[in-house]
Amino acid sequence: MSERVRPYRHTIAVRWGEVDQQGVVFNAHYLAYMDDAMETWLRPIRALGDELRWDMMLKRCAIEWHGPLGARDLLDVDVAVARWGRTSWDLGYRGACGGRLVFTARVVYVSVASGTSTPMETPREIREFMGEPVDLLGETAGAAPR
């Protein structure tokens, strides 16, 4: 496992066009923020993924809103692996503004062979880059084993 600090943090400046008539970020933008954070985190291994003929597809997403975010706010999105399976894995997301929790999310991805939707085992090199599971959502405290 690498010595990088986990989780990965990506900061996004909310633009005026991303807020609705209530002055808060429109809900669909949270998915784009999460995708931007994940894409930036995994950018260093895209060439490796191509070499291994590995890609990924979103299977399921659950988002929980905790507080408002407005234009010109800075959103810190933390992302880390929450669970490893053989072909699927979960990423946990935690978004905060000035230390105040804004949203949490869990996304299930499936590793697929490049150019297909055929599941494949997640390559060891990809798993090593992404690291061991991190509990960003506070799910392990008092949780029943899976």
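Just the number, please: Stokes-Einstein D of the range 4-86 in µm²/s, Kirkwood Rh from C-alpha pairs, 20 °C, 1.002 mPa s.
146
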- Residue-averaged 222 nm ellipticity for the chain, from DSSP H runs of 4+ at -39500 (n - 2.57), nearest 500: -5500 deg cm²/dmol
- Item | Using alpha-carbon coordinates, inclination of helix 28-42 to the longest axis of the chain, degrees | 40
- Query: For the range 8-130, what is the charge dipole size about the Cα centre, in debye to the nearest 20, if Lys and Arg each add +1 at the Cβ and Asp and Glu each add -1 at the Cβ?
  - Reply: 240
- Item | the range 35-146, relative contact order [Cα under 8 Å, separation at least 6], % | 29
- Note on the structure: The value for the range 7-146 (convex hull of the alpha-carbon atoms, volume per residue, Å³) is 120
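Where a number appears in this text, it was derived from the coordinates with a stated rule and is not lab data. Since the model is a prediction, treat every value here as computed from it, not as a measurement. Note that each Cβ is placed from the backbone with ideal geometry, even for glycine, and that neighbours are counted across all protein chains shown.
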